[in-house]
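J.: Structure provided below as structure tokens; questions to follow.
The values are calculated or read from the model by the stated rules, or taken from the named source; none is laboratory data. Computed from a prediction, not measured in an experiment: that's the story for all the values here. Heads up, the Cβs are rebuilt from the backbone with ideal geometry, glycines too, and the neighbour counts pull from every protein chain shown. Calculation scope for accessible area: heavy atoms of the full protein, side chains included, ligands and nucleic acids excluded. Shrake-Rupley method; radii C 1.70, N 1.55, O 1.52, S 1.80 Å.
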Amino acid sequence: MVFKVHQKCMPQRVFVCMMAFIGLTLMFMMRFSLSLTLTFIALPKKSKKAIEGSCIKPSTKNETSSDRVVIFEWDEGIQGQLLGGFFYGYVLTQLPAGVISDLFGPRRVVFWSGFLTSIATIIVGPVTNTLDWFGLFILRILTGLFQGAFYASLHAVVAIWVPKTERGRLGTFVFVGAHVGNFGSVTITGFILHGLGQQRWQWLFFLYGGCGFVWSLLFFFMTYDNYTLCPDGLLKDDEKSKMDEYYSTTQKKEKVSFFDMPWKGFATNLPTYALAVGLWGHCWGLFVMINNIPKFMASVLGFDVKSNGMYLGGAYLFMTIIAFASGAASDWIEKKKIISLTWNRVVFTTIASVLPSLGLLAVSYCECDGTCAFVCLIAGMGCMGTFYPSLKVNGIDLSTNYGGTVGSTSHWLGTTAGAVGPPLVATLAPDSTIPQYRVVMWLSFILMSATNIFYILFASANVQKFNYYQPKKTRA
């Protein structure tokens, strides 16, 4: 039985977006905190080449030096598999979860995926201490399975609850929870690990999993699949009128079965492929930053876990600020009709591709200058924030009726970069040296540039024909 909670302080659509934002923040903290944790609990044996290619001197006394206690001696290959394992599961559940959310509503999908992610996070410590890296690898795959469903269902939440005129701001607000979570996964994680010490590292995952557990229950009992299911009095008249108008202009579909969905329309639609390709390039750059920059800062530049978290947190904070600012700018541009909505999406997507790839490349040429690396990193990562009012909401532009399916399909194809990236980076940079990471950054620049060009050529923000598709048996 859903609690009839009346949010008098804000419209219900804003409350739903706020809850989704908090949930996504927690999910990303549980998702990516491992990348920084590995620099704290695991240290592979360093070869002579790795020592010569590092900025850390043998006499340096910090957490990355030779006097540090090593809990798990996992080489770069194992660490790459642990980071990539998440995406092996992640790519499997996005499409089915998006379809289920479109057909039956996203609320239960969000709840169960968040709830199970939290349970898997809580047991990270005991499972790893018992089964070593293999147990953690299995948990990472399971966490990916659960979070793939979570992320896909949020596209349906936004499609259902956010009108077109508010999509730049509220859509950005929901999905920027990913970067706020990234900020927390390095900044808060760094402080917590520094305070806990190496022997109590598993308490970090007890804390994050517990927060996710509580949030899952709150979301389930305080939100609804759509505005028509809200109890009387929850929506004010002006909000109800706004939602009525939104649903009428988008010609909301009647319920259809899985087999009645416009699969041919999806498969033959070029803007959908452009979205998927653009997302692939973005995901490559983002996951290189999230999974490998902490290791670069620790292994090559010699930052301890607390400093690593602070510097990376600053970059994610700047990215979040840019995301909110660009979301407001995107809506303002659309309201004033300065350029078409398609070019609106293309411009912000290009900023989020070109400048971050240049920032990553510049980091590898800073040599041992930590200040230079930090400035290049924060400038590049900050510009990635313009991704949210562009690529992130573009799937909903193409179809509000099938926003969950389009968004999850495109994101599913895009996040294959996360499955390929960590093992490939581990192969290209087995010794974590500056020249090896430079190769990784050049590869990232090429891939992000090529995918952005494809997006520029074939992207669209116009509603596609398959949005209005109706099965033959229901046509008038």
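J.: Mind pulling the angle between the C-alpha long axis of helix 434-458 and the longest principal axis of the chain? Nearest 10 degrees, somewhere in 0 to 90.
T.: 10 degrees
J.: Would you be so kind as to identify which of Leu193, Met243, Leu218 lies farthest towards the positive end of the dipole of the range 126-284, taking Lys and Arg as +1 and Asp and Glu as -1 on Cβ and the Cα centre as origin?
T.: Leu193
J.: Does the range 266-351 come out rounded, prolate or oblate by the C-alpha gyration tensor, with a ≥ b ≥ c the root eigenvalues, rounded set by a/c under 1.5 and, if not, prolate when a/b is larger than b/c and oblate if not?
T.: It is oblate, given that a/c is not under 1.5 and a/b is not larger than b/c.
J.: When the accessible area of the range 290-330 is computed with all protein chains present and a 1.4 Å probe, what percentage of it is carbon and sulfur?
T.: About 71 percent, which is the carbon plus sulfur part of the accessible surface.
J.: If you don't mind, there's one more thing I want to ask. Using a probe of 1.4 angstrom, how much of the accessible area of the range 98-233 is carbon and sulfur, in percent?
T.: Looking at the range 98-233 in its full context, I get 73 percent from C and S.
J.: With just the Cα atoms of the range 426-476, tell me how far they stretch along each of the three principal axes, in Å, largest first.
T.: So the three principal-axis extents are 65, 23, 10 Å.
J.: While we're on this one: Could you order Glu367, Glu76 by accessible surface area, starting with the largest, using a probe radius of 1.4 Å?
T.: Order by accessible area, largest first: Glu367, Glu76.
J.: Next question. Might you report the magnitude of the Cβ-based charge dipole of the chain about its Cα centre, with Lys and Arg at +1 and Asp and Glu at -1, to the nearest 20 debye?
T.: The dipole magnitude comes to about 780 debye.
J.: For the range 369-476, just the Cα set please: Rg and Dmax, both in angstrom.
T.: Final numbers for Rg and Dmax: 19.2, 68 Å.
J.: Show the residues, 5+ positions off or on another chain, whose built amide H is closer than 5 Å to the amide H of Gln202.
T.: Here the answer is none, since no amide H 5 or more places off falls under 5 Å of that of Gln202.
J.: The range 306-371: percent of C-alpha pairs farther apart than 20 Å?
T.: 45 percent
J.: Please compute the Kirkwood hydrodynamic radius of the chain from all pairs of different C-alpha atoms, in Å with one decimal.
T.: 22.6 Å
J.: Convert 20 °C to kelvin, take the viscosity as 1.002 mPa s, use the Kirkwood radius over C-alpha pairs of the range 166-290 as Rh, and evaluate the Stokes-Einstein diffusion coefficient in µm²/s, rounded to a whole number.
T.: Rounded, D is 110 µm²/s.
J.: Still on this model: Given +1 on the Cβ of Lys and Arg, -1 on the Cβ of Asp and Glu, and no further charges, what dipole in debye does the range 204-334 carry about its Cα centre, rounded to the nearest 20?
T.: Dipole size: approximately 540 debye.
J.: Per residue, what accessible area does the chain have, given a 1.4 Å probe and all protein chains present, in Å²?
T.: Counting only protein heavy atoms, the per-residue value for the chain is 39 Å².
J.: Non-local amide H neighbours of Trp74 (under 5 Å, H modeled in plane, Pro and chain starts lacking H): which ones?
T.: Sorted by chain and number, the residues that satisfy this are Leu43.
J.: State the answer as a single residue: which of Leu24, Ala362, Phe445 lies farthest towards the positive end of the charge dipole of the chain, with beta carbon charges of +1 for Lys and Arg and -1 for Asp and Glu, about the Cα centre.
T.: Leu24
J.: Something else: Enumerate the calculated ³J(HN,Hα) couplings along the range 330-344 in order (Karplus 6.51 cos²θ - 1.76 cosθ + 1.60, θ = phi - 60°), each rounded to whole Hz, writing x wherever the residue is Gly or Pro.
T.: Rounded to whole hertz, the list is 4, 5, 5, 4, 5, 5, 7, 6, 5, 9, 5, 5, 4, 5, 4.
J.: Over the chain, what is the relative contact order in percent, taking alpha-carbon pairs closer than 8 angstrom and at least six residues apart?
T.: 27 percent
J.: Of Leu312, Phe134, Cys230, whose Cα points farthest to the positive end of the dipole of the chain (charges on the beta-carbon: +1 Lys, Arg; -1 Asp, Glu; origin at the Cα centre)?
T.: Selected residue: Cys230.
J.: Give me a comma-separated list of calculated 3J(HN,Hα) values for the range 113-125, in order, Karplus coefficients 6.51, -1.76, 1.60 applied at θ = phi - 60°, integers in Hz, x for any Gly or Pro.
T.: 5, x, 4, 5, 4, 5, 4, 4, 6, 4, 8, 4, x
J.: Between 0 and 90 degrees, rounded to the nearest ten: what's the tilt of helix 416-428 against the longest Cα principal axis of the chain?
T.: 10 degrees
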